[in-house]
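Q: Here it is: the structure, laid out below.
The values are calculated or read from the model by the stated rules, or taken from the named source; none is laboratory data. Just so we're clear, the structure is a prediction, and the values are computed from it rather than from any experiment. Methodologically, a virtual Cβ is constructed for each residue, glycine included, from the backbone with ideal geometry; neighbour enumeration extends over all protein chains shown.
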Amino acid sequence: MNKIKKCLFPAAGYGTRFLPATKAIPKEMLPVLTKPLLQYGVEEAIEAGMDTMAIVTGRGKRSIEDHFDISYELEHQIKGTAKESYLTEIRSVINACTFSYTRQVEMKGLGHAILTGETLIGNEAFAVVLADDLCDNEEKGVLKQMSALYEKYKCCIVAVEEIAPEDSNKYGVIAGDVVKDASYAKNSLVRVNDMVEKPEPKDAPSNLAIIGRYILTPDIFDVLRNTKPGKGGEIQITDALLEMAKIGKVIAYKFDGKRFDCGSVDGFVEATNYFYAKDKS
Ligand code: UTP
């Protein structure tokens, strides 16, 4: 099968940088304007033609399931009133796709969260969205761009962005050889041959950092099963992807669009201001 239909959302993390807000509310449910971060991610996946949303949750994350479900009481209360329009978007999201959930019992890292999602994905290529990275491109969403790239190259794709050298220790950083492809902007595709999780600036192999959008082929699950805990004692997706990169199966893609790191307070405020200005205009 060529087209990516499933999208995995690892959403089990503790979101400690947003405490105390995230004590009882999942980070992924924090709203930028009136919409939770996770809904932005689901809408991006729908725009890219995906119809199956697989969400890895954990304890205290039940509001995620309630959000992507019908609230009969609310529907009944506002039916026929002007307020009904507030529900239009979320209703169309619920109608456009199915949602399935599994729980990550222990938070052993992003790689482990993705492996936990195997039961929902099965044996096909899939997208991964980290909802706290909020992306925007009005013409063509980042996942849609990546899906098209996958259809051409049939390997793992990671979205990358140029970062300031001093920020390297917040990201997975890649290195590799530029792929020449006339359909894409110069230097926007790189065949990855090295990847380091959160390197100090002096050890960073480039200024290209992986952001929270991936397309993964299902052989990643076997690699993850054999991946030992890495940086911070967590099972890192970067370590698993490095194994795939060694056999030439990872392309890094400098995507077109804006990205906000809503896992940090600064990025969250920036995103809020950006979407507010966009909404007003
Ligand atoms: P982060 O490290 O950004 O999220 O993980 P976090 O741990 O929730 O946030 P802080 O650092 O404590 O503030 C990136 C993504 O991976 C998920 C998170 O939910 C987030 O979407 N994740 C991380 C899991 O699902 N499970 C994990 O064990 C770790």
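Q: Can you find a residue in segment 144-167 that is out of contact with any Pro (no Cβ under 9 Å at 6 or more places or on another chain), closer than 16 Å to residue 46 by Cα and of a type in the set (Asp, Glu)?
A: no
Q: Let me ask you something else. Here are the criteria: (1) at pLDDT below 95; (2) closer than 23 Å to residue 260 by Cα. Tell me which single one residue 31 does not satisfy.
A: Among (1) at pLDDT below 95; (2) closer than 23 Å to residue 260 by Cα, the lone unmet condition for residue 31 is (1).
Q: In the set 216, 208, 224, 189, which member is closer than 16 Å to residue 250 by Cα and touching a His at 6+ places or on another chain (Cβ under 8 Å)?
A: 224
Q: OK, next. Select from segment 240-271 the residues that are surrounded by 19 or more Cβ atoms within 10 Å (Cβ to Cβ), small (Gly, Ala, Ser) and within 16 Å of the ligand (Cβ to nearest atom) and list them in ascending order.
A: 240, 263, 271 - these are the residues of segment 240-271 that are surrounded by 19 or more Cβ atoms within 10 Å (Cβ to Cβ), small (Gly, Ala, Ser) and within 16 Å of the ligand (Cβ to nearest atom).
Q: Do we find a residue being more than 13 Å from the ligand (Cβ to nearest atom), touching a Gly at 6+ places or on another chain (Cβ under 7 Å) and part of a helix (DSSP H, G or I) anywhere in segment 218-234?
A: no
Q: With a cut-off of at least 3 residues that are within 26 Å of residue 70 (Cα to Cα), in contact with a helix residue (DSSP H, G or I) (Cβ under 8 Å, 6 or more places away or on another chain) and away from the ligand (no atom under 16 Å from the Cβ), name the helices (runs of 4 or more DSSP H) lying wholly within segment 81-176.
A: Values: elements: 88-96, 110-116, 118-121, 142-153.
Once the helices (runs of 4 or more DSSP H) in segment 81-176 are filtered for at least 3 residues that are within 26 Å of residue 70 (Cα to Cα), in contact with a helix residue (DSSP H, G or I) (Cβ under 8 Å, 6 or more places away or on another chain) and away from the ligand (no atom under 16 Å from the Cβ), what remains is 88-96.
Q: Can you say whether residue 136 is in contact (Cβ under 8 Å) with a residue 40 or more places away in the chain, closer than 30 Å to residue 31 by Cα and surrounded by fewer than 22 Cβ atoms within 10 Å (Cβ to Cβ), as far as the supplied structure shows?
A: Considered against the rule, which asks whether it is in contact (Cβ under 8 Å) with a residue 40 or more places away in the chain, closer than 30 Å to residue 31 by Cα and surrounded by fewer than 22 Cβ atoms within 10 Å (Cβ to Cβ), residue 136 comes out as yes.
Q: Then there's this: Just to be sure I understand the filter: pairs with C-beta atoms under 9 Å, separated by 6 or more residues or on different chains, first member in segment 226-242 and free of Cβ contacts under 8 Å to residues at least 40 places away in the same chain, second member in a loop (DSSP other than H, G, I, E, B) and hydrophobic (A, V, I, L, M, F, W, C). Which pairs pass?
A: What qualifies is 228/235.
Q: List every residue pair whose Cβ atoms sit under 7 Å apart, with the two residues 6 or more apart in sequence or on different chains, where the first one lies in segment 99-122 and is without any contact (Cβ under 8 Å) to a residue 24 or more places away in the chain and the second, anywhere, is more than 10 Å from the ligand (Cβ to nearest atom) and of a type outside the set (Gly, Ala, Ser).
A: Here the result reads 119/102, each pair linking segment 99-122 to a residue that is more than 10 Å from the ligand (Cβ to nearest atom) and of a type outside the set (Gly, Ala, Ser).
Q: Shifting gears a bit: Going by what's in this entry, would residue 191 be described as assigned to a strand (DSSP E or B), touching a residue at least 60 places away in the same chain (Cβ under 8 Å) and within 28 Å of residue 31 (Cα to Cα)? Break it down into steps so the answer makes sense when it comes.
A: Details: assigned to a strand (DSSP E or B): yes; touching a residue at least 60 places away in the same chain (Cβ under 8 Å): yes; within 28 Å of residue 31 (Cα to Cα): no.
No, not satisfied.
Q: With respect to residue 46, determine if the residue is over 26 Å from residue 255 (Cβ atoms), away from the ligand (no atom under 16 Å from the Cβ) and of a type outside the set (Asp, Glu). Lay out the reasoning, then the answer.
A: Details: over 26 Å from residue 255 (Cβ atoms): no; away from the ligand (no atom under 16 Å from the Cβ): yes; of a type outside the set (Asp, Glu): yes.
Here the answer is no, as residue 46 does not meet what is asked.
Q: Name every residue in segment 52-65 that is in contact with a strand residue (DSSP E or B) (Cβ under 7 Å, 6 or more places away or on another chain) and either more than 9 Å from the ligand (Cβ to nearest atom) or assigned to a helix (DSSP H, G or I) (or both), in order of residue number. Talk me through it step by step, then tell me what you get.
A: First pass over segment 52-65, keeping only residues in contact with a strand residue (DSSP E or B) (Cβ under 7 Å, 6 or more places away or on another chain): 52-58, 64-65.
Listed by number, the residues that qualify are 52, 53, 54, 55, 64, 65.
Q: Starting from segment 9-38, keep only residues that are farther than 23 Å from residue 119 by Cβ and part of a loop (DSSP other than H, G, I, E, B), then list their pairs with residues that are among the polar types (S, T, N, Q) and more than 11 Å from the ligand (Cβ to nearest atom) whose Cβ atoms are within a distance under 7 Å, requiring at least 6 positions of separation or different chains.
A: Listed pairs, sorted by first residue: 25/63; 33/272.
Q: Give the residues of segment 176-201 that are of a type in the set (A, V, I, L, M, F, W, C) and crowded, with 17+ Cβ neighbours inside 10 Å, sorted by residue number. Give the derivation first.
A: Applying the first criterion (of a type in the set (A, V, I, L, M, F, W, C)) to segment 176-201 yields 178-179, 182, 185, 189-190, 192, 195-196.
Answer for segment 176-201, where residues must be of a type in the set (A, V, I, L, M, F, W, C) and crowded, with 17+ Cβ neighbours inside 10 Å: 189, 190, 192, 195, 196.
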